[in-house]
Amino acid sequence: MQVIITLLIFVALCLVLNQMSRKHVKYSNRVFTGLGLGIVFGLLIQFILGAESEVTAEIMDWIDIVGKGYINFLQMLVIPLVMVSMIRAFTKLDHEQSNLGKIGTGVIGTLLITVAIAAFIAIATGVLFNLDGAEFARGATENARIDQLVERNSEIADLTIPETIRSFIPVNVFADMAGSRSTSTIAVVIFSVFVGAAYLGGRRHHPEEAEIFEKIINSLHAIVSRLVTLVLRIAPYGIFALMTKALATSSISTIQTMATFIVACYVALIVMFIIHMIILVLFGINPIQYLKKAANVLIFAFTARSSAGSLPLNIQTQTEALGVDTPTANFSATFGLSIGQNGCVGIYPVMLAVIAAPAAGMSFSDPSTWITIIAAATITSIGVSGAGGGATFGSLILFGMLGLPIEVIGLMVSIEPIVDMGRTALNVNDSIIAGTVTSKAMGNMNQTIFNDNEALVEPEDDVDR
């Protein structure tokens, strides 16, 4: 009876969100409403039924249909989005343009430099908050998570850095399209680059066939974008379900003991965000105007907790609101899914490494420790997917490189959703920064669009159509 009553309340709250949609309430407001309802409803379930009770577990199994279903739909879109967006970047190059290498170098260089800076900020913040060597309590949930990580870590523990780099190269692209490997996303990116390069060669020698191919890619892009729109319609419900589970099953006492780590993470994320703004200033770009234009996609990334789900809105914001040229916008948004993620690789795993480092005999009074961790994080940032679980995979790779005990990663399962919102927003912001400064440096940025306060991209414009 408790299960039935709780699920009926869950359905009723979903109907409230549906009613808001029918009344055309602003999309971002519906997303935040789902977030708030999930927090309140999850806490009520925990206080009334208990975080580890069998009743709560059964309720979460049903609620997971909506929550994990939403995540699965987002993951379903990652490969088609990456492939179509990357190839489309090549088809949008003008015949006279020969700066493809400069675009790629500018975007990837910015992503890698910023992730190295993010790693430095994470170490400094961790040391400032005395996280090095900190110990946290573990419960049944944490122990179960650690067991899962030990099993997953066995698949990648013996990989050397050269072997890791080789794993980026696609062998069977159809297997990678099915996401069969942890590095499938970067492998598809590499394959798409080859397809795009082949298109450019074909455009010179076989213009008629190339024109047909371009029309096919444009058609695929329209269809995939529509698929994204359909999935985003369920985002308020998915976020509601995910937050309900996170708050219903997380140990409040554990979250309280980890409050210092949560605060430290957000301090590091905010400092890195400020550095992003400083980078804009160095390139002569007004950060206040930038924030006005990029706010909607950053808010969506924060609530949806998915860099991949934000990809179409990311590209649209760059081209229609910030004045970034289409090839650069596609390159930066797509590469940003699998290279240089400031939040999921630069901040979060490195702060975990600060906690675990003393157990491996690493001292932060030694500059070589800082250099080693920053270098390892920068290398690790290549190939980490912007879909669910990217931060965990990045942490496992980083810990493997540094020889650190992976138990610390599992201890954070209770606070994962709280930190994930901030680090996802930082990931998306970094990819937009990479596109914006590269476009500006190459003289391809449309300053008129950037300065136009009416040129904004609202996610609800597409979602509600």
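The values are calculated or read from the model by the stated rules, or taken from the named source; none is laboratory data. Computed from a prediction, not measured in an experiment: that's the story for all the values here. As a convention, Cβ positions derive from the backbone with ideal geometry for all residues, glycine included, and neighbour counts pool all protein chains shown. The area values use the complete protein model at the heavy-atom level, side chains included, leaving out ligands, DNA and RNA. Shrake-Rupley method; radii C 1.70, N 1.55, O 1.52, S 1.80 Å.
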ask   = Which of the residues spanning segment 239-261 are open to solvent by 20 Å² or more (accessible area, probe 1.4 Å), over 12 Å from A51 (Cβ atoms) and of a type in the set (S, T, Y)?
value = T257, T260
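Output the residue which, of all residues in segment 315-366 that are over 30 Å from P405 (Cβ atoms) and in a loop (DSSP other than H, G, I, E, B), is most open to solvent (accessible area, probe 1.4 Å).
D325
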request  = Would you point out which residue out of A137, A157, A144 is at pLDDT below 70, open to solvent by 60 Å² or more (accessible area, probe 1.4 Å), of a type in the set (G, A, S) and more than 23 Å from the chain's Cα centre (by Cα)?
outcome  = A137
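If I filter segment 183-190 for residues that are surrounded by fewer than 21 Cβ atoms within 10 Å (Cβ to Cβ), without any contact (Cβ under 8 Å) to a residue 40 or more places away in the chain and not β-branched (V, I, T), do I get at least one hit?
For segment 183-190, residues surrounded by fewer than 21 Cβ atoms within 10 Å (Cβ to Cβ), without any contact (Cβ under 8 Å) to a residue 40 or more places away in the chain and not β-branched (V, I, T): absent.
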ask   = Which residues, taken from segment 27-38, are farther than 16 Å from A301 by Cα and open to solvent by 40 Å² or more (accessible area, probe 1.4 Å)?
value = L37
task = Search segment 429-465 for residues being open to solvent by less than 10 Å² (accessible area, probe 1.4 Å) and farther than 25 Å from N99 by Cβ, and hand back the single one that is modelled with the lowest pLDDT.
result = V463
request  = Quickly run through segment 400-416 and pick out the residues that are open to solvent by less than 20 Å² (accessible area, probe 1.4 Å), closer than 22 Å to T244 by Cα and part of a helix (DSSP H, G or I).
outcome  = G410, L411
key: Filter result for T369 (at pLDDT below 90, not in a loop (DSSP other than H, G, I, E, B) and not aliphatic (A, V, I, L, M))   = no
ask   = Looking at segment 275-310, which of its residues are open to solvent by 10 Å² or more (accessible area, probe 1.4 Å), touching an Asp or Glu at 6+ places or on another chain (Cβ under 9 Å) and assigned to a helix (DSSP H, G or I)?
value = N296
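Name the residues in segment 396-442 that are of a type in the set (S, T, N, Q) and under 21 Å from T105 (Cα atoms), would you?
N427, N429, S431, T436, T438, S439
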task = Tally the residues that are within 14 Å of the chain's Cα centre (by Cα) and hydroxyl-bearing (S, T, Y), restricting the search to segment 404-424.
result = 1
query = Of the conditions (1) open to solvent by 10 Å² or more (accessible area, probe 1.4 Å); (2) over 28 Å from E454 (Cβ atoms), M272 fails just one. Which one is it?
reply = (1)
